[in-house]
Number of protein chains: 2
Amino acid sequence: MSAPRRARRTIDVGVDLGGTKIQVAAMRGEKIIGTARVLTPQSGDAGDVVRAIGEMVAQALSQADASLSSVRAVGVGSPGEIDHSTGAVINAVNVPGFGEHFELGGELSKQLEGVRVVVDNDVSVGVLGEFRRGAGRPYKDVLGVWLGTGVGGGLILGGELRSGRGSAGEFGHIVAKPGGRKCGCGNRGCVEAYAGRLSMERRVLSLVARGHKTSLLEIQKERGRDRISSGVYARALKQGDHLATVLIDEAARAVGIGMASAQNLVDFEAIILGGGLGDRLGEHFAHQVKHHMHHHLFAKGKPPALLGTELGDLGGAVGAALVTRG
Amino acid sequence: MSAPRRARRTIDVGVDLGGTKIQVAAMRGEKIIGTARVLTPQSGDAGDVVRAIGEMVAQALSQADASLSSVRAVGVGSPGEIDHSTGAVINAVNVPGFGEHFELGGELSKQLEGVRVVVDNDVSVGVLGEFRRGAGRPYKDVLGVWLGTGVGGGLILGGELRSGRGSAGEFGHIVAKPGGRKCGCGNRGCVEAYAGRLSMERRVLSLVARGHKTSLLEIQKERGRDRISSGVYARALKQGDHLATVLIDEAARAVGIGMASAQNLVDFEAIILGGGLGDRLGEHFAHQVKHHMHHHLFAKGKPPALLGTELGDLGGAVGAALVTRG
C-alpha cells in the first residue's frame, strides 16, 4: 500500500497591496494562472484588509482550479517600511488599520492556513516584476522609477535587487533642486517634492488658495475621485490647463534631473518609468523626462534605454510572487 | 643536472601617473617593498613620460634588491578615458605628449622588457587602493569621491569596483544645482563645476577680473605654483580670505548634495573623501561636507561613515598594483 499522496506545492501567489486596491496574481513557474482584484477596505481594521487579501488569493487560485494546498508561498508588496525578519509593516499610513506597526506576514499566514508569507516593499517588488517578466528582461543593470503617492525607486545591479542596509533605492529623495520645495520627508528639493502625487496635490491646493485658476479640481469632482489622480492630470493636460501643464513639466524636470544624477553615478543599461503618473501620462511625459535627463547626462552618447512598464497594473503582484523565490 | 632556474615573478608594481607627478609602488603580496617618485616631464613627448615611468619602476624595485625579472605585472592609473582592451589612453590632456590617443599599455610594456601592463582610470585605482588597503578595508559598499583637477568617483559594490558600461562613477557630474555654473563637460550645475580645481580656478580669475579682492593669486605666486592648488586654498582660508571661504563652502555644499543623492539611491556603508582638496583641507572641510550631506539625507539615522584617505599620496600607486590582480 502506498503512502497517502501529499499535494505538490507548485504555485506562488503575489499580492500587490495598495491604499486603493488589492491585486493578486497566482503563478506556476513563469506563467500567470489566475488573477483577482478588489478595492482596499476603506474602513474597519487591519483584520478586514487581511480577510480581503485572503478572499482574493482564493479567487485567483479558483481560476486555476487550485487551492491553498498547492501554494508554495505568498509574496506581498506593501507600502511602508518593511521589517524583513518578521514580515511586519511599519508606518503604512495609506492602508486602513495598519497604524504604526502591523504584523502583516504573521497575520496573513494565519489567514492562509499557515502558508509561508514573504513581505517586501511595494516599489521593490514592482521593479522586480518588470525586471524579471516585463520591460527589463533584456538587461542586468536597471533602475526602476515609480511615480505614485510618493516617488519610489528600485535598483537592479548584476541581476539582483539591491537593498543596501535597507534604504537603497530612494530615488525620490535624490536632490532635484537644493533649497527648493519642501518634501514629505522633511528635506527640501527632493524629486518627490515635485513628482509625488501627494506633494503635487498640496501644491495645487496652495496655488488655488492663492487665486490660481485650474480645471484640475473640477475634473477630480466630475470623476468622483477623492484625490488628483494621474487620470485627472491626463484630462487636464488634454484641455490645455495651464497649472496642470506647469506642474507636470516641473515633475518631468525633477525626475529627469534625478535620473541623470543616478545614471552618471551608476551607469544603468535601462531605466523603467512606472507607477500611476509614469504609466498613465504616456509618451509625451516620457519625452519630457528624457529631454531633461539628457540635458544633464555626462555620457550623452551612451544614454540608458528609457522604458515604460509592460506588465502595468499586474507588475506589483507578479513581482510579489517572484520575491518568494529569493 | 637540474634545469636552469627561472626567476619567480612575485612582485606587482603600481604607477600613479598624474599631470604633476609620477608615483610608483612595488608590492609583494600585501606589503609595499619599494617606492619612487618624480615630477612628470612637462616638455618633450610621450616617450619621455614612458622613460620616466620606466626609471621610477627600476628605482622602486632596486629598493627591494629586485629587478624586472621578478615582476608579475605593472598597473598604471592614468587620467583620461581608458580603452581597457588595449591599454590605450584617450584625451589625457594633462599629460604632455599623450595627445588624443596614446598606446600607453603597449609602449610601457616595451620599455619594461615585455612585462604585462594593465592600464586603468586614475580615480578608480585610487579608490580601489583605499578600499583594499586603506580607509575602506572594513566595508563592502563604498563610494570614493576624489577632488582633484576635476571631481572623480569610484563605486565599490559588494567588494567589487563597478564600471558599468564604462561610465560608472562619474560622481562629479551628479547635478548639484540645476541651471547653475557651467561645467567642463558642457552641462550646467554639476558637482565638478563647484568643486573641481580647474573650475574653481576659472571662477577665481573671473571674479578677480570683475574687481573682487582675494589673496589666492598672491599666495599662488609666493609659492611659485602654476595653479591654485589645494595648499594655496588652505593658506588663504587660514588668513580668512573671503573669496576663498565662499568658494570652498560652495564646493563643500556641492559635494555634500552629491553625496546625499548618491547615498539616498545606493545606501553605501562608507564614503571616502580623497584627492588634493579632500586630503589637504582636512577636518574642517570634511565637516562642512558632512553638514551639507546630512541636510539632504533621507535615512538620517543611518548615515554612511565619512572617511578621509589613509594611504594619501601612495593610494593611487597601491591601487594600480592591486588592479593587476583582477
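The values are calculated or read from the model by the stated rules, or taken from the named source; none is laboratory data. Model, not experiment: these values are computed from the prediction. Using ideal geometry, Cβ is built from the backbone for each residue, glycine included, and neighbour counts are taken over all protein chains shown.
Observations, loosely collected:
- Residue list for the stretch B:97-123, restricted to those being in a loop (DSSP other than H, G, I, E, B) and either surrounded by fewer than 17 Cβ atoms within 10 Å (Cβ to Cβ) or free of Cβ contacts under 8 Å to residues at least 40 places away in the same chain (or both): B:97, B:99, B:100, B:103, B:113, B:114
- For the stretch B:87-96, the set of residues classified as under 23 Å from residue B:153 (Cα atoms), in a loop (DSSP other than H, G, I, E, B) and out of contact with any Phe, Trp or Tyr (no Cβ under 7 Å at 6 or more places or on another chain) consists of B:87, B:91, B:93, B:94, B:95, listed by residue number.
- Scope the stretch A:224-266; condition over 23 Å from the mean Cα position of the chain (by Cα) and acidic (Asp, Glu); matching residues: A:241
- Within the stretch B:195-236, being polar (S, T, N, Q) and not in a helix (DSSP H, G or I) holds for B:214, B:215, B:229.
- In the stretch B:239-248, residue farthest from the other protein chains (Cβ to nearest Cβ) [restricted to those that are surrounded by fewer than 22 Cβ atoms within 10 Å (Cβ to Cβ) and in contact with a helix residue (DSSP H, G or I) (Cβ under 7 Å, 6 or more places away or on another chain)]: B:241
- The residue of the stretch B:190-222 that is nearest to the other protein chains (Cβ to nearest Cβ), among those that are of a type in the set (D, E, K, R) and touching a residue at least 12 places away in the same chain (Cβ under 8 Å), is B:192.
- Search result, residues across the stretch B:62-116 that are of a type outside the set (A, V, I, L, M, F, W, C), within 17 Å of the chain's Cα centre (by Cα) and under 23 Å from residue B:11 (Cβ atoms): B:75, B:77, B:78
- Restricting A:284, A:292 to those that are within 14 Å of chain B (Cβ to nearest Cβ) and more than 24 Å from residue A:60 (Cα to Cα) reduces the list to A:292.
- From the options A:251, A:270, A:236, A:260, residue that is at the interface with chain B (Cβ under 10 Å from one of its Cβ atoms) and modelled with pLDDT of 95 or more: A:260
- Scan the stretch B:287-326 for residues that are under 20 Å from residue B:149 (Cβ atoms) and in a helix (DSSP H, G or I) and the total you get is 9.
Okay, residues lined up against (1) under 24 Å from residue A:266 (Cα atoms); (2) modelled with pLDDT of 95 or more; (3) of a type outside the set (D, E, K, R); (4) in contact with a Cys (Cβ under 6 Å, 6 or more places away or on another chain):
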site	(1), (2), (3), (4)
B:65	no, yes, no, no
B:68	no, yes, yes, no
B:84	yes, no, yes, no
B:93	no, no, yes, no
B:107	no, yes, no, no
B:131	yes, yes, yes, no
B:141	yes, yes, no, no
B:148	yes, no, yes, no
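- Residues that are more than 13 Å from chain A (Cβ to nearest Cβ) and surrounded by fewer than 24 Cβ atoms within 10 Å (Cβ to Cβ), drawn from the stretch B:135-151: B:135, B:137, B:138, B:149
- Here the condition is being within 11 Å of chain A (Cβ to nearest Cβ) and buried (at least 24 other Cβ atoms within 10 Å of the Cβ); of B:154, B:126, it holds for B:154 alone.
- Residue in the stretch A:299-314 that is within 13 Å of chain B (Cβ to nearest Cβ), buried (at least 21 other Cβ atoms within 10 Å of the Cβ) and at pLDDT 95 or above present: yes
- The stretch A:173-189, subset facing chain B (nearest Cβ under 8 Å) and touching a residue at least 12 places away in the same chain (Cβ under 8 Å), residue surrounded by the most Cβ atoms within 10 Å (Cβ to Cβ): A:174
- For the stretch A:158-172, filtered to residues that are of a type in the set (D, E, K, R) and at the interface with chain B (Cβ under 7 Å from one of its Cβ atoms), the residue that is surrounded by the most Cβ atoms within 10 Å (Cβ to Cβ) is A:170.
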